[in-house]
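Note sheet for the following structure.
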Amino acid sequence: MATRVWIAVLAVLIGGLTATTASAAVEPDTQVVATDGAQASTGGASAVGGPVKTADLSQFDPGMIISDAVFFDSGTMTEAQIQAFLEAKVPRCDSGYVCLKDWYDTSRVTGADAMCGAYSGGMRERASAIIYKVAKACGINPQVILVMLEKEQGLVRHVWPSDWRYTIAMGQGCPDTAACDTRYYGFFNQVYGAAWQLKRYANPAGTSQYFTWYAPGKTWNVRYHPEISCGSSPVRIQNQATANLYYYTPYQPNAASIRAGYGEGDGCSSYGNRNFFQYFNDWFGSTVGQVGLPFGNIELVEARPGEFVVSGWAIDPDSSEPISVHVYAGSNSIAVAANVERPDVAGAYPGLGSKHGFTARVPAIGEGLTNVCVYAINVGRGANVLMGCVTRFAMSGSPVGELGSVTATDGTVNVVGWAIDPDTAEPIDVHIYVDSFSVAMKSDVARTDLPSAYAAYGTKHGFSGTIKASPGVHRVCAYGINVGPGGHIELGCKSVTVPGTVDLGRPPIGVFEGLSVSGNNAVASGWAIDPDTTSPIAVHIYIGSVGAAFTADKIRTDVGNAYPASGANHGFGEQLTLPDGQSDVCVYAINNGVGGHTLLGCRSVMVGMSDLGRAPIGGFEGLTVTGSTAIASGWALDPDTTKSIKIHLYVGSRSAEYTADKPRPDVERAYPGYGPNHGFGEQLTLPPGRSEVCAYAINAGPGGHAFLGCRTANVASTVVDRGRAPFGTLEAVVPSSGGATISGWALDPDTSDPIQIHIYVDDVSAAYSANKVREDVGAVYGLGNTHGFGETLPMSPGNHRVCVYAINNGAGGNAFIACRDVTVP
């Protein structure tokens, strides 16, 4: 009860008792008097059987009445268990009365806020269902609600409860100094309102910092009784749950109250928080759980090169200081202090500080599955606690890799490959043997083609080198040098023939493969080989009549595979600057010795063209749908520029802008001079149901845009029918001559499809579909946008009552939305 004093008046109202019995000490199983959270000693008589007196009140700690872990554990009881508990407490109710086990009340739909999640109500529900659903919505232990119902109004064990007890069941909105607030009348309003208030006391994010006078982690003077002359004593409030109880009932029991057990102490005794402690211990066990044991959470166990990284948090309730955490990975272990700042943990467990996070790195012991276990080390009462174990595959062991290619040039051997040691992300040493001669090199060359299994190690694990060798046949082997657990390994061996230098006067060969243009800049690419040498050769690139010399020495493994005797260093990709207008770009491979040169080809390109205001062109070629994801693909270009242009993609009425800049060699061939970078392939997210996707090419200058086409996609709903009730809102009933327009929205949470609604005008009903577009509803619930309704119904002049019901689309019941009265002119 929120700090009220019923004294004798309430006793007379609810029990027909005399004023003198309001504070009488009685046995729990003889008589219920005013069960005031502050001053009533117990709640028994009208109950079947008194509480079993097992609570040890010598263990009552005014600074830790109940732990946060117990208070906020909303999963302690199912709805069926709550109902069974109530039936066990009152097997039989007195004739003419409705006991809590059989009580029903009409709940209401409530939206989510900072204190509680959404509550799907609006129907008559059993008390046990309301207790269960409120506990889940607000994150409060249902056992706490049951105890408060008993200590406030004796409702759990009462066999002849009056309706008034249900009206103010939790004492919510009933202060010591004024009458109860009628807004909180009713069983549902009391249970939901009290749970909401218990969460509000913590000042959650999005609320004001109003409740500070019992803030955890500080010492406060807490009174013994509403009568100021009874005094107070300092209490160091250790946690938020205990602070909540003091905000709700701001008195601590004095020594006389503690000695009295369930009975009455003296004139300065209060009983609300004492009775809470006793009922909870007697019915459900300790209010602080396993006393003194450390606890926490393992948030990450990740295998990394050569180690396991483990992080989380750990607290010992006996101390606000950081504790030690021991982490085991196989036979390796490490101890770390859980002393990293964790404001979120401090918010959940006020009074225990914020330095309770930890991150540990444990060396791996070798490859294979490894069991990783974390222990929280106890201080004070209790014992060490195993927080949990997980199995991970260790990133450890001997090196892996490959001797990819071995090629020969005049007097040299060229090797290319990769090597990784699973124990480190750093490059490792590789030893290359040409017969019995060896050299060491580092595997630190970037390789984007490494197996995906080694993505965590990065790309710098390639090796490439040249070793002098005499003409003839040689055996070339590569070895990965181990670091950490494991040993060195052979990456592979290959035989190679090193040629001598003989120039036969053969002409070069090669290909001018591409000319990529961006504005006045271009890149000419291809490859060139002189078959009389393994050395790179020169290429001359001409723009019109002006030429420049370059060297075809870039790595081209495809060329090396096709011409293994020549090696891989024969590619070119050279940047050019083009003048405005049309240019012819030609490439020549230059002979390295005797013999002629070779024309590899020419390409024409247009740059710096004038904008003639022509419309873009292109094609919306495909829409590939997977689940709720789609890829829209095609191409678009503006004939007045070689630059990539923008496209707009629409999903229904929603649009987004993209750039058509992906390579499309086919488009370049069809429109020479514009370059290849005019393709698009964009990922879209589609809502459930049917969507129309349209594409537009956006003009880069003056002139209109171009419609490229539309495609239709259907996305199946992923919602599973769990038998939940539909819900919605009747937003308006607007009268007009001869009728009225009824509007709002309704949806079934088990489907994204529109559902039916039934609209009643007085006693006459008709069915309609809630299928009008409501993007605001779709944004909130994520079940598509077609859930609105707006129907104009004929009505005779005069007064009418309009009611709307949401019809379940599958399993489960229908839902009443609302009624409105309307006067039709």
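A compact table of results
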| item | result |
| --- | --- |
| Conditions (1) more than 18 Å from residue 154 (Cα to Cα); (2) without any contact (Cβ under 8 Å) to a residue 60 or more places away in the chain; (3) outside any helix (DSSP H, G or I); number of the one not met by residue 125 | (2) |
| The stretch 140-170, subset under 23 Å from residue 114 (Cβ atoms) and not hydrophobic (A, V, I, L, M, F, W, C), residue surrounded by the most Cβ atoms within 10 Å (Cβ to Cβ) | 142 |
| Every pair of residues 6+ apart whose Cβ atoms lie under 6 Å, when the first sits in the stretch 679-696 and is closer than 10 Å to residue 712 by Cβ while the second is among the basic types (Lys, Arg) and modelled with pLDDT of 90 or more | 693/711 |
| Set 462, 492: member being part of a strand (DSSP E or B), in contact with a strand residue (DSSP E or B) (Cβ under 6 Å, 6 or more places away or on another chain) and over 30 Å from residue 308 (Cβ atoms) | 492 |
| The stretch 84-99 residues that are without any contact (Cβ under 8 Å) to a residue 60 or more places away in the chain and surrounded by 11 or more Cβ atoms within 10 Å (Cβ to Cβ), paired with ones that are outside any helix (DSSP H, G or I) and not charged (D, E, K, R) (beta carbon under 7 Å, 6 or more apart) | 91/48 |
| Qualifying residue in the stretch 791-801 (condition: touching a residue at least 24 places away in the same chain (Cβ under 8 Å) and in contact with a helix residue (DSSP H, G or I) (Cβ under 8 Å, 6 or more places away or on another chain)) | no |
| Odd one out for residue 723 among (1) at pLDDT below 90; (2) over 24 Å from residue 781 (Cα atoms); (3) surrounded by fewer than 17 Cβ atoms within 10 Å (Cβ to Cβ) | (2) |
| Single residue of 654, 664 found to be of a type outside the set (Val, Ile, Thr), under 24 Å from residue 774 (Cα atoms) and not assigned by the TED database to the domain that holds residue 784 | 654 |
| The listed residue being modelled with pLDDT of 95 or more and of a type in the set (Gly, Ala, Ser), out of 713, 746 | 746 |
| Conditions (1) more than 30 Å from residue 343 (Cα to Cα); (2) in a loop (DSSP other than H, G, I, E, B); (3) not charged (D, E, K, R); number of the one not met by residue 188 | (2) |
| Test for residue 178: is it in the same structural domain as residue 129 (by the TED database), small (Gly, Ala, Ser), modelled with pLDDT of 95 or more and on the phi < 0 side of the Ramachandran plot | no |
| Selected residue [crowded, with 23+ Cβ neighbours inside 10 Å, more than 25 Å from residue 249 (Cα to Cα) and not hydrophobic (A, V, I, L, M, F, W, C)] from 111, 121 | 121 |
| Test: residue in the stretch 503-510 that is assigned to a strand (DSSP E or B), touching a residue at least 24 places away in the same chain (Cβ under 8 Å) and touching a His at 6+ places or on another chain (Cβ under 9 Å) | yes |
| Test: residue 337 is free of Cβ contacts under 8 Å to residues at least 40 places away in the same chain, farther than 26 Å from residue 304 by Cα and under 29 Å from the mean Cα position of the chain (by Cα) | no |
| Members of the stretch 556-574 found to be closer than 17 Å to residue 447 by Cβ and either among the hydroxyl-bearing types (Ser, Thr, Tyr) or exposed (fewer than 15 other Cβ atoms within 10 Å of the Cβ) (or both), listed by number | 557, 558, 561 |
| Conditions (1) of a type in the set (Ser, Thr, Tyr); (2) out of contact with any Gly (no Cβ under 7 Å at 6 or more places or on another chain); (3) farther than 30 Å from residue 513 by Cβ: number failed by residue 691 | (2) |
| Of residues in the stretch 188-233 being within 30 Å of the chain's Cα centre (by Cα) and on the phi > 0 side of the Ramachandran plot, the one surrounded by the fewest Cβ atoms within 10 Å (Cβ to Cβ) | 206 |
| Checking residue 136 against (1) assigned to a helix (DSSP H, G or I); (2) among the basic types (Lys, Arg); (3) under 19 Å from residue 167 (Cα atoms); (4) touching a residue at least 40 places away in the same chain (Cβ under 8 Å), the condition it does not meet | (3) |
| Test: residue in the stretch 246-255 that is part of a loop (DSSP other than H, G, I, E, B), on the phi < 0 side of the Ramachandran plot and surrounded by fewer than 16 Cβ atoms within 10 Å (Cβ to Cβ) | no |
| Set 73, 61, 94: member being of a type outside the set (Gly, Ala, Ser), modelled with pLDDT of 95 or more and part of a loop (DSSP other than H, G, I, E, B) | 94 |
| So residue 633, is it within 17 Å of residue 686 (Cβ to Cβ) and either of a type in the set (S, T, N, Q) or not in a strand (DSSP E or B) (or both) | yes |
| Which numbered condition residue 756 misses (of (1) touching a Leu at 6+ places or on another chain (Cβ under 9 Å); (2) assigned to a strand (DSSP E or B); (3) surrounded by 16 or more Cβ atoms within 10 Å (Cβ to Cβ)) | (1) |
| Enumeration of residues in the stretch 638-695 that are more than 36 Å from the chain's Cα centre (by Cα) and assigned to a strand (DSSP E or B) | 677, 678 |
| Residue match in the stretch 275-291 (condition: of a type outside the set (Val, Ile, Thr), in a loop (DSSP other than H, G, I, E, B), buried (at least 24 other Cβ atoms within 10 Å of the Cβ) and out of contact with any Ser or Thr (no Cβ under 9 Å at 6 or more places or on another chain)) | no |
| When residues of the stretch 590-626 are limited to those that are in contact with a strand residue (DSSP E or B) (Cβ under 6 Å, 6 or more places away or on another chain), surrounded by 15 or more Cβ atoms within 10 Å (Cβ to Cβ) and in a loop (DSSP other than H, G, I, E, B), the one modelled with the lowest pLDDT | 592 |
| Tabulated pairs, the stretch 572-585, first within 18 Å of residue 539 (Cβ to Cβ) and touching a residue at least 40 places away in the same chain (Cβ under 8 Å), second hydrophobic (A, V, I, L, M, F, W, C) and not in a strand (DSSP E or B), C-beta under 8 angstrom, 6+ apart or interchain | 585/578 |
| Only listed residue being surrounded by 11 or more Cβ atoms within 10 Å (Cβ to Cβ), touching a residue at least 12 places away in the same chain (Cβ under 8 Å) and within 37 Å of the chain's Cα centre (by Cα), chosen from 479, 433, 457 | 457 |
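The values are calculated or read from the model by the stated rules, or taken from the named source; none is laboratory data. The shown structure was predicted, so the numbers you read here are calculated from the model rather than taken from an experiment. Note that each Cβ is placed from the backbone with ideal geometry, even for glycine, and that neighbours are counted across all protein chains shown.
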